[in-house]
Structure formats: C-alpha cells, structure tokens
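Written below as structure tokens is the structure these notes are about.
All of the numbers you see were taken from the coordinates with simple rules; none came from a lab. The shown structure was predicted, so the numbers you read here are calculated from the model rather than taken from an experiment. Every residue, glycine as well, gets a Cβ built from its backbone with ideal geometry; the counts of neighbours run over all protein chains shown.
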Amino acid sequence: MAAEHVEHERAEHDDHPAYPVGLRLSGRRVVVIGGGQVAQRRLPALIAAGADIVLVSPSATPSVEAMADAGEITWNKRPYEDGDLAGTWYALVASSDADANNAASAEAERTRTWCVRSDDADAATAWTPATGRSEGVTVAVLTADVQGRDPRHTAAIRDAVVEGLRDGTLVARHHRTRTPGVALVGGGPGDPDLITVRGRRLLAEADVVIADRLGPRDLLDELPPHVEVIDAAKIPYGRYMAQEAINNALIEHAKAGKAVVRLKGGDPFVFGRGMEEAQALAEAGIPCTVVPGISSSISVPGAAGIPVTHRGVAHEFTVVSGHVAPDDERSLVDWPALARLRGTLVVLMGVDKIGAIAQTLIAHGKAAETPVALVQEGTTAAQRRVDATLATVAETARAADVRPPAVIVIGDVVAVGTK
C-alpha cells in the first residue's frame, strides 16, 4: 500500500509543470551525496553560488578531491547516513548506491529539503535546468513535465540562446540608463567569425561604430539601421582620418551618452594605436573597455599552414613593424639583433619594405636561403600565400604583386607542414 501511495502522489505531481525559481544559496547548507562525475559537474556552480557545501561519499574523483583539498567543500569520507540532511536547504543525490539515493531522497521529503536526483528525475522534488551565463544574465531552460523531458533538446535550446546573446545575433538591448563609454574592440585578422564573442556582443549593442579598414567589414552589414558607422580607415598611400580626429569622435559620441565601439583590425594594442586612444579617453574622463583581439601576427601564419613555433625548429618568435625601413632614423627595431636570432620573425606592415628588410638581415648574418612566406588577406576568402627566400623575396613580391595587408614570416617554420 505504501508503494502504491508513493506512485499515486508521484502521478499527481507529474500532472503539473515545474515551477522555475532561482535559489540563493550563499552561506546556506547544501549536501551532495556521491563524489562522482555528476558531482564534479555540479559542484563548481554551487561553489560559485557561495553555498556551504558538504560532500558525503566514501570516494571522489580527483577533481572533486581537489575542491575538498582547497577548502571549497567539506568532505565526509563515508556513505550516506540518515540525518545527513538535517538543516539542509538543498540536496543533490548523485551516488552509485541506489539504496543510499532512495534513503537520502526519503529524508529530503520528510525534512522538506529540495532534492535533485541524478538517477531518478521522477523521484526528485527539484530539477536542475540547463544553465548558461552571458554578461551577468543567467539563462536556465527547464522541461515543462516529466513525460516531455529531453535533456539534449533542453541543452540545445540553452546553447542557442547563450550563443545568440554572446555573439550578438540575439540582441536584447538595455533599457536602463547607460554610463557613457567606449569599447576598443579587436576585430581579429579579417574573417568575421574570428572576432571574440565579447567583441561581437558589444558591437551588436553599439550606437556608434568607428571602424578601421582592416576591421572585419562583413560585421558592419549586420548592424541595425540606427547604428552610425564612421569610417576611420587609414589606407596606405591614400586618404586617412587623423588620429586626433578619431580621438575627438570617440569622446564626442561617448559624451553624448552613446555606446561607442572602436572596431580595429587584429588586436588594439599590436601596432594599432589603441593605447593612444585609451589615453585620450582617460584624459577626457571617459570609461574605456579594452577587448583583446586575435592578432594577425599569429593567426594569419596559422591559417596559411605556418606555425610560428615548432618543436625542434623554433623556440621563439618575434613580431616587428616594417612600416619604416631599417635605415630610417625613425625605426626603433634592432635589425642586427634580429638577424642573429634563430627563431621566427614575423613582420607586419612591411610589404613595400621587404627588399630593404631582407638585405639588412642578410648583411647582418642571416642566411640568404632562409625561407620567407608572404600571406596576403589572411583568413579571408581572398587569402593567398607566396613563398620565397630572403635572397629572392623582393623580386618575388613584385612579380606576384603582393599587396597590403600581408603578414611576412621569415624562418625555418615556413618549410614546416603543407603549403
């Protein structure tokens, strides 16, 4: 009769959907029964919630044991005993002992403790939703009823919502008054998919975007019609927007209360003058957020099949700007020292100076047969790779009509892998 009564109560509960709620567990006792893989997955979130966690289990995975060693949880190294849930606000029952799970679940029912069962969702008084987070927002997706439970579908919905919030394809604009500010966003080497998720989200929330020519231009097409896009292109050998004008535009729009994104190619601080903009904003009292980007100095060679380091070939790589020739008094590069290095040399903005660069390196001891690769429009559909040596690179670049933007890689790693 008792079993029939339990089944009757369970059937009554199953007729109604679960009621979603967020538990505030900071400083409150939480008991976890079992130290296996389920506990390993669930414990980090409980720790982050500030719960006072007691683990009851004769054994634990190495990761769970490390949490106990670090003092993040209290570990009672024994099987479950009746009374372990006394004073508990929330229980996670996840051991491999079915009898212990049933006994702990029964105690939770008697003490009115919300209890999650990893082995039997029907017997639980609470369910763990598929949870994700994005910029201070928690997304929790819960199946409406037991009969319709499909954990994979629930997780897929969670993932789609979180990914949409992160990459900006699902835009939920803020309605609270925002503090004026500017985000210096590194857009990556060119492929729009290589911008960081944070950068893409900030771009989707922007009122004004001040964009470089080398920023991922395809992302601008996705912006809503109300977003003002300002061209700050610094085109080699052509017209450009003075840095002072860029700084003033950033300050002006931020002071007007708008969300401003300065979209730059690569990383803002790798030959990108990002620090000059950050300093100008600081002097004007404008909050500035820096969002690092994937630098073309590493990503473009990689996209062309060239590792900047490789075991037994190169243990170092150096990135230099080639926008001024080695014999130019403005150059800050120690070219003779670079010629003596055994690692990889990556040159940015050096297409028109590659002849002088190659001659200088050879003159200071670099082997003339050192492999060189020029990768134009790296990571984009127009990417192409041209190979040469230090002795031939000037003529090869001219003959192949290599144009900026191009990343130049000098060193034995050029010959590693496939072309």
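Stretching residue 392 away from residue 121 to a fully extended chain increases their span by 90.6 nm, per 0.36 nm per residue minus the current alpha-carbon distance.
Projected onto its three principal axes, the C-alpha set of the range 21-128 covers 33, 29, 22 Å, listed from the longest axis down. Which angle between 0 and 90 degrees, to the nearest 10, do you get for helix 151-167 versus the longest principal axis of the chain when only C-alpha atoms count? That helix lies at roughly 40 degrees to the long axis.
Close lysine pairs were tallied over the chain: pairs 8 or more places apart or on different chains with Cα atoms under 30 Å apart number 10.
The base-10 log of I(q)/I(0) for the range 181-294, evaluated at q = 0.13, 0.23 Å⁻¹, reads -0.41, -1.39 [Debye formula, identical scatterers on Cα atoms, solvent excluded]. Calculated FRET efficiency, residue 23 to residue 310, Cβ-Cβ distance, R0 = 56 Å: about 0.65 to the nearest 0.05.
Model label points for residue 76 and residue 37, set 7 angstrom from Cα along the Cα-to-Cβ axis, are 2.7 nm apart. The angle between the Cα long axis of helix 274-283 and the main principal axis of the chain comes to about 70°, on a 0 to 90 degree scale. Eigenvalues of the alpha-carbon gyration tensor of the range 297-415, scaled by 5 and square-rooted, set the equivalent ellipsoid semi-axes at 19, 17, 13 angstrom, largest first.
Compared with the rule-of-thumb size 2.2 N^0.38 Å for a compact globular protein, the range 329-383 has a Cα radius of gyration ratio of 1.25. Each Lys and Arg contributes +1 and each Asp and Glu -1, all at the Cβ; summed about the Cα centre of the chain, the dipole is approximately 1280 debye. One compactness figure for the range 70-116 is 1.14, namely its Cα radius of gyration divided by 2.2 N^0.38 Å.
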